[in-house]
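Contents: one structure, followed by commentary.
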Amino acid sequence: MSTDSWRVQLELPADTRFLHVIRLTAAGAAAEAGLDAEEVEDVKIAVDELSSVAIAAATPGGDLRLRFTAEPGSLRIDGSVPTVDPLAVDEMGEAILSATVDRHTCAAGAPGGFELVKSHRGR
């Protein structure tokens, strides 16, 4: 398990065609942060869910910005996209996020912002 702190940033069109790029980046970041295989899958599911919500709410032509930050014991993903209204996660999305990550929020600092945190098991 790595104890290094680091950050990776990703900016891409707010378009569902790029969800696979987001999932691949999330998987690599989670693995590099020392999460186990099950935790990596959880991160992929959660970032896909919140990115999909952000893309659906995005202003046409806007870019989705993601920042993956590894800290001792966890991986945090912050995202933002230009929107008119705050992001809203439906009941099913909330259930998915609650089952896969330790913490998640929408509208973190901006109408189209979100954050999710996955900690190593047992921490």
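For residue 100, only one of the following conditions fails: (1) modelled with pLDDT of 95 or more; (2) of a type in the set (Ser, Thr, Tyr); (3) out of contact with any helix residue (DSSP H, G or I) (no Cβ under 6 Å at 6 or more places or on another chain). What is its number?
(3)
Out of the stretch 62-77, which residues are out of contact with any Gly (no Cβ under 6 Å at 6 or more places or on another chain) and either of a type outside the set (Gly, Ala, Ser) or free of Cβ contacts under 8 Å to residues at least 12 places away in the same chain (or both)?
Those that are out of contact with any Gly (no Cβ under 6 Å at 6 or more places or on another chain) and either of a type outside the set (Gly, Ala, Ser) or free of Cβ contacts under 8 Å to residues at least 12 places away in the same chain (or both): 63, 64, 65, 67, 68, 69, 71, 72, 75, 76, 77.
A quick yes/no check of all residues on (1) open to solvent by 80 Å² or more (accessible area, probe 1.4 Å); (2) more than 27 Å from residue 4 (Cβ to Cβ):
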| site | (1), (2) |
| --- | --- |
| 29 | no, no |
| 43 | no, no |
| 52 | no, yes |
| 58 | no, yes |
| 67 | no, no |
| 76 | no, no |
| 84 | yes, yes |
| 113 | no, no |
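Collect the residues in the stretch 50-108 that are among the hydrophobic types (A, V, I, L, M, F, W, C) and either in a loop (DSSP other than H, G, I, E, B) or at positive phi (or both), keeping them in residue-number order.
58, 81, 84, 87, 88, 89, 101, 107, 108
Please specify each residue of the stretch 1-27 satisfying the condition of being surrounded by 13 or more Cβ atoms within 10 Å (Cβ to Cβ) and charged (D, E, K, R).
Across the stretch 1-27, the qualifying residues are 15, 23.
The values are calculated or read from the model by the stated rules, or taken from the named source; none is laboratory data. Since the model is a prediction, treat every value here as computed from it, not as a measurement. Backbone-built Cβ (ideal geometry, glycine too); neighbour counts: all protein chains shown. In case anyone asks, the SASA skips ligands and DNA or RNA and just uses the protein heavy atoms, side chains included. Shrake-Rupley method; radii C 1.70, N 1.55, O 1.52, S 1.80 Å.
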